[in-house]
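Asks: Shown below is the structure under consideration.
Please treat every number below as a calculation from the coordinates, not as lab data. What you see is a predicted model, and the numbers here were worked out from it, not measured in a lab. Glycine also receives a Cβ, built like all others from the backbone with ideal geometry; neighbour counts cover every protein chain displayed.
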Amino acid sequence: MQHFKRAVSQNLKLPTGGPIGWLVKELIFLRTNDPCEVQAAKLLNIQPHHQVLEVGFGPGVGLKEALGYIGKDDPGKVYGLELSPQMVHVATKRLQPYIASGKLQLTVGDVMNLPYPDGSMDRIFHVNCFYFWDDLHQGCRELYRVLSPGGAVATTMNRTLVKKGVDGGLNMYARRTDPEEYMKALERAGFVGLKEEEFGEGKNKIYGYTASKEGEDRKD
Ligand SMILES: C[S@@+](CC[C@H](N)C(=O)[O-])C[C@H]1O[C@@H](n2cnc3c(N)ncnc32)[C@H](O)[C@@H]1O
């Protein structure tokens with residue numbers, strides 16, 4: 001049992017594939033976390049000209065949602081950054097037409113050192129991810145650096161499910177799942193207008209956290 005829990009936890013922190021990785025992808029990423037991914041993209045009010053980044057996209061549910069706000073002839077584009085080459089492989093297969101049309105760019109990398117220029121993204125989101133970052137403050141500083149003035153960042157979580165996973169030993173590498181700590185780190189990095197919202201009821205309740213970078217949102 002301990003071996004199983006460790007393998008699930010490993011595939012939540014850094015998916016590596018194999019039979020347990022497949023189960024985690026199919027049952028957790030695609031069939032449990034999907035409402036959080038959709039809600040996070042929704043919170044960002046994505047416009048057709050926006051450059052949008054998702055960090056830790058897993059199989060790409062949120063990327064697909066974000067792409068839905070940007071038409072094929074619009075100037076907007078979606079970027080995905082993932083620490084796991086396995087998840088980049090999976091999302092590349094699932095979202096191939098968007099990559100082929102130049103609307104989506106996927107990269108293996110770490111939020112600790114984002115491979116994008118300063119102020120290059122209008123919207124950034126991440127889901128079930130911040131509690132794996134080596135240094136929460138460095139991660140938030142990087143989000144702030146690559147965000148454009150007036151840009152916004154969002155994350156969502158089903159706190160009941162995350163707590164259940166941690167308490168049950170199935171998410172043993174999650175370091176600090178308290179969103180308060182995350183919000184404090186955002187504030188320290190320079191973000192303003194921090195907001196917590198709730199969506200849904202009971203065990204399906206999703207918490208959304210948003211913040212922005214001071215300035216005028218880009219109009220086109
Ligand atoms: C629990 S999974 C969540 C996947 C998806 N967002 C979801 O909610 O279903 C966490 C994901 O974040 C990625 N990740 C963890 N640490 C990261 C980091 N430092 N930089 C970028 N991605 C990271 C992992 O590879 C993994 O795919």
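To keep it simple, each residue is scored yes or no on (1) in a loop (DSSP other than H, G, I, E, B); (2) surrounded by 15 or more Cβ atoms within 10 Å (Cβ to Cβ); (3) at positive phi.
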position	(1), (2), (3)
Phe57	yes, yes, no
Ala66	no, yes, no
Ile70	yes, yes, no
Asp74	yes, no, no
Tyr79	no, yes, no
Met112	no, no, no
Asp118	yes, no, no
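Asks: Name the residues in the stretch 96-110 that are assigned to a loop (DSSP other than H, G, I, E, B) and closer than 23 Å to Leu147 by Cβ, would you?
Replies: Gly102, Lys103, Gly109, Asp110
Asks: Give the residue that is surrounded by the fewest Cβ atoms within 10 Å (Cβ to Cβ), with candidates limited to residues of the stretch 166-204 that are more than 23 Å from Leu147 (Cβ to Cβ) and touching a Ser or Thr at 6+ places or on another chain (Cβ under 7 Å).
Replies: Lys203
Asks: Would it be correct to say that Glu26 is more than 9 Å from the ligand (Cβ to nearest atom), without any contact (Cβ under 8 Å) to a residue 60 or more places away in the chain and closer than 22 Å to Glu198 by Cβ?
Replies: No.
Asks: Show the residue pairs meeting these rules: Cβ distance below 6 Å; 6+ apart or different chains; first residue within the stretch 37-54 and of a type in the set (Gly, Ala, Ser); second residue outside any helix (DSSP H, G or I).
Replies: Going by the 6 Å Cβ cut-off, the qualifying pairs are Ala40/Phe125; Ala40/Val127; Ala40/Ala154; Ala40/Thr156.
Asks: If the requirement is being within 15 Å of the ligand (Cβ to nearest atom), farther than 22 Å from Leu43 by Cα and either touching an Asp or Glu at 6+ places or on another chain (Cβ under 6 Å) or touching a residue at least 60 places away in the same chain (Cβ under 8 Å) (or both), which of these qualifies: Asn171, Asn128?
Replies: Asn171
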